[in-house]
Every structure is written in C-alpha cells, then in structure tokens.
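Asker: One structure, as structure tokens, below. Some questions next.
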Amino acid sequence: MEMTDKDVMEDFVRIVDYGNLRGPHTCQKSDGFKRKPTYRWQACKRIEVIRILNLFMPFFGKRRTEKAMEVFNHYENLS
C-alpha cells in the first residue's frame, strides 16, 4: 500500500500491528515537477496478509472485496 498521508499510514501500521512502513519516497513527473512524497507499507507473510484482509473485509466495497478475493484465490493456488 502506498500513499502520501504519513499519519494515515502510521495509524494503519499501528492497527494491523504488522509490516514495514518505508518512506518518504519521492519521484519526479515526466513534466519535471516533483510529486508529493509517498510512504509504502509492505507485508510479506501469507498468514499476515490473510489476517489483515479479513480484518478489513467488512469495510470494503464491492470492488475492493473482489480484489481481496483475488488475493485469497492466488494464495490457494500456491498451496
């Protein structure tokens, strides 16, 4: 997950109690203007990704639920 709101990302990491928050990352647009710095959160352990998705599933809309189901299906196919 990546976004420009550092405080939101820090709250997220505190709530899920897992993963790495890195940043700020900066990059330049092709037109020469700098973008706002972003912060990236990453989780690697399959069991933690599933736990966190299950934690947030009740709050997802249809599109995000479908994306979460893609992750679940991907992990099932790896086993």
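Asker: What's the number of the only condition in (1) closer than 30 Å to Asn73 by Cβ; (2) loosely packed, with under 12 Cβ neighbours inside 10 Å that Asp7 fails to meet?
Answerer: It is condition (1) that Asp7 fails.
Asker: Which residues, counting only those in segment 20-49, are under 21 Å from Val8 (Cα atoms) and part of a helix (DSSP H, G or I)?
Answerer: Across segment 20-49, the qualifying residues are Glu48, Val49.
Asker: Moving to a separate point now. With the requirement that a residue be in contact with a helix residue (DSSP H, G or I) (Cβ under 9 Å, 6 or more places away or on another chain) and surrounded by 14 or more Cβ atoms within 10 Å (Cβ to Cβ), what does segment 10-33 give you? Step through it out loud before you land on a result.
Answerer: From segment 10-33, those in contact with a helix residue (DSSP H, G or I) (Cβ under 9 Å, 6 or more places away or on another chain) are 15-16, 18-21, 23-24; that's our starting set.
The answer is Val16, Tyr18, Gly19, Leu21, Gly23.
Asker: Now for a separate question. Step by step: first the residues of segment 34-73, then only those that are hydrophobic (A, V, I, L, M, F, W, C), under 24 Å from Asp7 (Cα atoms) and loosely packed, with under 11 Cβ neighbours inside 10 Å, then the one that is modelled with the lowest pLDDT. Which residue is that?
Answerer: Out of the qualifying residues, it is Cys44.
The values are calculated or read from the model by the stated rules, or taken from the named source; none is laboratory data. Since the model is a prediction, treat every value here as computed from it, not as a measurement. Neighbour counts are summed over all protein chains in view; Cβ atoms, including those assigned to glycine, are modelled from backbone coordinates with ideal geometry.
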